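Read the figures in this text as sums done on the coordinates, not as results from a lab. Nothing here was measured: the structure is a model prediction, and the numbers come from that model. Cβ placement follows ideal geometry from the backbone for every residue including glycine, while neighbour counts extend to all protein chains displayed.
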């Protein structure tokens, strides 16, 4: 299995619907992701790029880069992507944000974090530090209390 095939599988398992979503979660530019997926160029991707993509998809660098590691031991490779609890939390954050009528950028500004940070929370690729949870509830709770039943 090539790196492009492993990246496609990791994206699918992590729930990324597009290259743009992966760009927001990983910080790797969409044209770079596209080159990897379509095997364009004479050399492979830089190690740091693969590390960022692996982190965003919830797989190991070794598996994504070379097909090595626990995920590659069987013939039916299962990408250990985002745990269900993180995906569920992300869906709840997204639903609350949308019910509050905020974009990821607007929520990021109110929380003093980047839109990429919000996207990582919503995709389950990352989660807020405990100290940020109160702020998240404070921002989203009052805005969507009447329209949203998934708030904190």
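Contact order normalised by length for segment 84-144, with contacts defined as Cα pairs under 8 Å and 6 or more residues apart; what percent is it?
Computed value for segment 84-144: 42 percent relative contact order.
Would you calculate the separation in nanometres between label points at residue 88 and residue 2, each defined as 7 Å from the Cα along the Cα-to-beta-carbon direction?
3.9 nm
State, to one decimal in nm, how far the label point of residue 18 lies from the label point of residue 138, with both points 7 Å from Cα in the Cβ direction.
So the label points at residue 18 and residue 138 sit 3.4 nm apart.
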